[in-house]
Amino acid sequence: MDAPEPGTDDSSEIESFWQVAKVRAKLNPTGYYTGERPLGSLRPPAWAFGATPEQADELLALLLSGTKTATAGALWDYEAEGEELPTPGALGIVTDGHGVPHALVVTTQVDVVPFDEVSAEHAHLEGEGDRSLATWREVHERFFTEHAVHTRGFTPSMPVVLERFDVLYSDPSAGSDMG
């Protein structure tokens with residue numbers, strides 16, 4: 001599952017990023033004349049990939065390069081944290097490992113499947129390692145074991161939330177101070 005944003009979700013840096021991103025992503029192109037549309041009126045949640053600052057930075061770099069267009073999380077972690085599943089059309093601000101915002105994304109597809117039924121296509125879209133299904137399974141079994149919030153343990157049949165997304169806006173200076 002994606003880690004919560006390491007910084008605070010109400011930081012002025014995130015708010016400033018949102019003010020620029022919603023204009024650059026054209027979420028409210030007619031706002032000047034007709035008032036704000038709902039999509040551009042509420043700031044989306046900010047979050048980081050992975051469970052550590054290092055993972056967040058590595059995965060953000062893949063996102064910013066266009067390599068990463070999908071992610072996965074254990075359904076049981078969502079349930080244990082009382083977190084709602086992502087929904088198509090939902091926006092998110094992706095931060096680096098220090099909570100600095102770098103990208104505005106929109107969820108395009110969400111599926112829940114057993115771990116052992118995740119497709120090679122999804123593994124490729126996550127963009128990690130050699131992008132193979134074998135590597136995806138190795139990396140994610142380790143992640144779902146080491147960073148689980150739930151207490152059920154890892155099983156090959158555990159439900160996994162698969163999310164696809166598009167980048168609507170990224171900060172032109174993103175990545176220059178990472179790592």
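Read the figures in this text as sums done on the coordinates, not as results from a lab. Quantities reported herein were computed from a predicted structural model and do not represent experimental measurements. All Cβ positions, even for glycine, are placed from backbone atoms using ideal geometry, and neighbour counts span all protein chains on display.
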Phi-derived 3J(HN,Hα) across the stretch 156-170 with the Karplus relation (6.51, -1.76, 1.60, θ = phi - 60°), rounded Hz, x for Gly and Pro, is x, 9, 4, x, 10, 8, 9, 10, 10, 8, 10, 7, 8, 7, 10
Sorted by chain and then number, the residues having a modelled amide H within less than 5 Å of the amide H of Ala48, at least 5 places away or on another chain, are Ala3, Glu5, Thr95
Relative contact order in percent for the stretch 3-170 (Cα pairs under 8 Å, 6+ apart) equals 29
Applying the gyration tensor rule to the Cα atoms of the stretch 107-149 (axes a ≥ b ≥ c; rounded if a/c under 1.5, else prolate if a/b exceeds b/c, else oblate), the class is oblate
Residue-ordered couplings for the stretch 85-95, obtained by feeding phi - 60° into the Karplus form 6.51 cos²θ - 1.76 cosθ + 1.60 and rounding to whole Hz (Gly and Pro as x), are 6, x, 10, x, x, 6, 9, x, 9, 9, 10
Hydrodynamic radius by Kirkwood for the stretch 45-112, inverse mean 1/r across distinct Cα pairs, in Å, is 12.6
Least to most buried among Lys68, Lys26, by other C-beta atoms within 10 Å and fewest first, runs Lys26, Lys68
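One quarter of the convex hull surface, Cα atoms only: what value does that give for the stretch 3-170 in nm²? Let's see the in-between values first.
Numbers: hull surface 37.8 nm².
Mean orientational projected area (the stretch 3-170, Cα hull): 9.4 nm².
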Rounded to the nearest 5, the percent of antiparallel DSSP beta bridges in the stretch 3-170 equals 90
Using alpha carbon centers only, the stretch 72-88 is separated from the stretch 40-64 by a whole-angstrom value of 16
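For Val112 and Lys26, calculate 0.36 nm times their separation in residues minus their Cα-Cα distance, and state this gained length in nm to one decimal.
Values: separation 86, 0.36 × 86 = 30.96 nm, distance 3.05 nm.
Length difference between fully extended and current span is 27.9 nm.
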